[in-house]
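In what follows, a single structure is set out as structure tokens and then discussed.
The values are calculated or read from the model by the stated rules, or taken from the named source; none is laboratory data. Keep in mind that what you see is a predicted model, and the values were worked out from it rather than measured. For neighbour counting, all protein chains shown are included, and Cβ atoms are generated from backbone atoms with ideal geometry for every residue, glycine included.
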Amino acid sequence: MTQEEEKQVRDLKEMYRSEGWKVFLNELSEQLELLDTVSDVTTIEELMFRRGEYIVLTQILRHEETLEAMLQRPQESDYHPEPEGY
């Protein structure tokens, strides 16, 4: 990971600890609950729009988890497979 990427990770982790981020996630969770029903959807376009909103909200809500998962994966530069035959 480059120094710039490490700084981005530090900045993101700092943001995750902020009260503003927690408030933001709470608001998004409430919005997501409102999108969790399709009973008022009358057209396929509305359904696809609702699906897009749902996907975007869940991606934001899972941003911290996604970053942590990425950090747990071995980096390409850390991967040194044994040569075949050993």
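Points to keep in mind about this one:
- Within the range 13-35, the set of residues being closer than 26 Å to residue 51 by Cα and among the polar types (S, T, N, Q) comprises 26, 29, 31.
- Residue within the range 30-48 that is within 30 Å of residue 1 (Cα to Cα) and part of a loop (DSSP other than H, G, I, E, B) present: no
- Look at the range 35-56: where a residue is under 19 Å from residue 25 (Cα atoms) and a partner is among the basic types (Lys, Arg) and surrounded by 11 or more Cβ atoms within 10 Å (Cβ to Cβ), sitting 6+ places away or on another chain with Cβ atoms under 7 Å, you get 35/50.
- Residue ID - surrounded by the fewest Cβ atoms within 10 Å (Cβ to Cβ), chosen from residues in the range 38-86 that are at pLDDT 90 or above and aromatic (Phe, Trp, Tyr): 49
- Selection over the range 10-26 of residues that are more than 15 Å from residue 62 (Cα to Cα), of a type outside the set (Asp, Glu) and in a helix (DSSP H, G or I) gives a count of 2.
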